[in-house]
Amino acid sequence: MAMAVVLLTVTIVIIYYSVRLPSKSVIAHSTKIEKISFLYLKGTNMTPYLIEFEDKNEELDQLMSILDSVSYTRSPRSFFSRNIRNDGGPTFAFIIFYRDRDGEMNDYFLDMNQGGYVLRGGKKMYKMVDREKEVFDQLSTWLFEKAVRMPVT
């Protein structure tokens with residue numbers, strides 16, 4: 001009986017971390033995003049940017065099509081305690097502002113690095129499946145076209 005419980009538990013954990021998820025599971029409230037503030041981190045350099053959408057529907061569709069081009073799996077953050085900002089490559093540290101059901105403005109943090117790791121809210125970690133660098137490069141190009149560099153004070 002104990003062996004059956006252990007096997008069932010191991011099977012559930014393997015399935016939980018291997019099921020492929022769409023970007024909407026990773027990027028919460030993706031249809032209600034109002035603006036995005038982000039830092040571009042590379043080495044010790046941090047550059048702040050802001051995106052305020054002119055044509056919100058079209059621009060959100062463009063953003064989500066880039067993020068939808070790959071699937072994601074859950075990553076066991078608690079076991080490895082990864083700090084995806086310090087992996088040596090470029091990282092985006094986003095603050096995503098969205099409106100909730102009541103029309104109130106809320107936000108959450110989202111980090112994404114070139115290795116394909118995504119950390120949402122400092123708690124949930126995901127990993128892009130295949131084409132991480134390509135998707136990160138497409139996202140970088142899109143972000144830098146739409147964003148305005150913020151002055152550092």
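Filter the stretch 101-114 down to the residues that are farther than 28 Å from Lys127 by Cβ and either touching a residue at least 40 places away in the same chain (Cβ under 8 Å) or in contact with a Gly (Cβ under 8 Å, 6 or more places away or on another chain) (or both) and list them by number. Step through it out loud before you land on a result.
First, the residues of the stretch 101-114 that are farther than 28 Å from Lys127 by Cβ: 101-105.
Passing the criteria: only Met105.
With respect to Glu104, is the statement that it is of a type in the set (Asp, Glu) and surrounded by 13 or more Cβ atoms within 10 Å (Cβ to Cβ) true? Give the derivation first.
On the way: of a type in the set (Asp, Glu): yes; surrounded by 13 or more Cβ atoms within 10 Å (Cβ to Cβ): no.
Taking the combined requirement at face value, the residue does not satisfy it.
Tell me, please, whether a residue that is open to solvent by less than 20 Å² (accessible area, probe 1.4 Å), modelled with pLDDT of 90 or more and within 13 Å of the chain's Cα centre (by Cα) can be found in the stretch 31-51.
Taking every residue of the stretch 31-51 in turn, at least one turns out to be open to solvent by less than 20 Å² (accessible area, probe 1.4 Å), modelled with pLDDT of 90 or more and within 13 Å of the chain's Cα centre (by Cα).
A quick yes/no check of all residues on (1) in contact with a Cys (Cβ under 8 Å, 6 or more places away or on another chain); (2) closer than 20 Å to Val148 by Cα; (3) aromatic (Phe, Trp, Tyr); (4) not in a loop (DSSP other than H, G, I, E, B):
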| site | (1), (2), (3), (4) |
| --- | --- |
| Leu8 | no, no, no, yes |
| Val13 | no, no, no, yes |
| Ala28 | no, no, no, no |
| Pro48 | no, yes, no, yes |
| Glu58 | no, yes, no, yes |
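The values are calculated or read from the model by the stated rules, or taken from the named source; none is laboratory data. Here the structure is a predicted model, which means the values were calculated and not measured. Don't worry about glycine lacking a Cβ; one is built from the backbone with ideal geometry, like all the others, and counts go over all protein chains shown. Just the protein is used for accessible areas: all its heavy atoms, side chains included, with ligands, DNA and RNA removed. Shrake-Rupley method; radii C 1.70, N 1.55, O 1.52, S 1.80 Å.
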